[in-house]
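Notes follow the structure.
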Amino acid sequence: MVRTEPGATSGRPLVLDGGLATRLESYGRDLGGGLWSARLLADEPDLVRRVHRDYFEAGADVATAAGYQASVPGLTARGFTRREAVGLLVRSVELARSERDAFGSGLVAAGVGPYGAALADGSEYTGDYDLDEDGLYAWHRERWHVLAGAGADLMACETVPSLAEARALARLLDEVPGPSAWISFSCRDGERLNDGTPLHRAAAELAPLHAAGRLVAVGVNCTAPRHVPSLVRAVAEAGLPAVAYPNSGESWDAARGRWTGVGDPGGFGAAAVSWCEAGAVLVGGCCRTGPEHVRSVRACLDARPEASR
């Protein structure tokens, strides 16, 4: 059960926010470069705070802090001192918390991106890394300790492409006191993670952490919406609550350097209801989704007959 407020519980699905980078780009910011949205933690923290506010106002229950691309190695490689890098990690959570507190309700999830996000080479979409599980555990460890003590309600381990990286994160979750987490995978189709591991197998392996109260959900993000129903069912069949926040439905054309297709907010909200019916307890959006998608998810969930009970 995920807490909707400190000390309280609710059986209703919680609405996550949408794409942080997508919303920052809508304000005219160029996020090119290896730090992507994490650069604005240093350059424009007030804008990051504004984006969190936009999503809370659209109906989100959970704000995911801007830590996806932020890591001590990634930040120091681009000119920040280690002390500054640690401070920016903490700031990512503080910015989200300040807007949550101003809004008056909601949760804050510390953003924990995969190793591939720091490499900025697209490997979070393949899992083709130069580190094994032990290496990934060591790489994530310092950031995990910092974020676990930064005051977030949850840890959002997202866009994880491989079982090896999930195992590394699970080791940290198991050994470091702090908030519970969700682990959300990037998937190549309706059955498998990007490294080819069946999601059902990964979820079953992580089930003991859920039983221990450390893992609130397992699921999928940064994946095409058409794959979500079967992926959520795979998690549910493993006996776990699911988290689902796919991309808008548009596709990235790498050759042309642009997004193609159409992302329909109304259809996205209706689809989110079906994900919840399949077993999702946390639903929202990833790349190319914005406040309009969150607003649609909120409206569609609130329109269900059981929502009024």
Discussion item. Can you report the number of residues in the range 276-309 which are outside any helix (DSSP H, G or I), within 22 Å of G263 (Cα to Cα) and not charged (D, E, K, R)?
Written reply: 10
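Here is a check on your reading of the model: is T223 within 16 Å of L282 (Cα to Cα), among the hydroxyl-bearing types (S, T, Y) and not in a loop (DSSP other than H, G, I, E, B)? Talk me through it step by step, then tell me what you get.
Values: within 16 Å of L282 (Cα to Cα): yes; among the hydroxyl-bearing types (S, T, Y): yes; not in a loop (DSSP other than H, G, I, E, B): no.
It is false that T223 is within 16 Å of L282 (Cα to Cα), among the hydroxyl-bearing types (S, T, Y) and not in a loop (DSSP other than H, G, I, E, B).
Just checking, how many residues over the range 226-245 are part of a loop (DSSP other than H, G, I, E, B) and touching a Gly at 6+ places or on another chain (Cβ under 7 Å)?
Qualifying residue count, the range 226-245: 1.
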Fill in: Which listed residue, of L119, L35, L31, L47, is modelled with pLDDT of 95 or more and not small (G, A, S)
L47
Discussion item. Anything in the range 95-122 that is closer than 18 Å to S180 by Cα and in a helix (DSSP H, G or I)? List them, or say none.
Written reply: A96, R97
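Yes/no matrix, rows are residues, columns are (1) assigned to a helix (DSSP H, G or I); (2) surrounded by fewer than 24 Cβ atoms within 10 Å (Cβ to Cβ); (3) at pLDDT 95 or above; (4) not aliphatic (A, V, I, L, M):
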site: M155; (1), (2), (3), (4): no, no, yes, no
site: E158; (1), (2), (3), (4): no, no, yes, yes
site: G196; (1), (2), (3), (4): no, yes, yes, yes
site: E205; (1), (2), (3), (4): yes, yes, yes, yes
site: L209; (1), (2), (3), (4): yes, yes, yes, no
Fill in: Residues (surrounded by 22 or more Cβ atoms within 10 Å (Cβ to Cβ) and free of Cβ contacts under 8 Å to residues at least 40 places away in the same chain) located in the range 160-171
S162, A168
Discussion item. Can you list residue pairs whose Cβ atoms sit under 7 Å apart, with the first residue in the range 44-66 being free of Cβ contacts under 8 Å to residues at least 60 places away in the same chain and more than 10 Å from A96 (Cα to Cα) and the second being β-branched (V, I, T) and crowded, with 19+ Cβ neighbours inside 10 Å? Count only pairs 6 or more apart in sequence or on different chains.
Written reply: D61/V15
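The values are calculated or read from the model by the stated rules, or taken from the named source; none is laboratory data. This structure is a prediction, so every number in the text was calculated from the model and none was measured. When we count neighbours, we look across all protein chains shown, and the Cβ atoms used for this are built from the backbone with ideal geometry, even at glycine.
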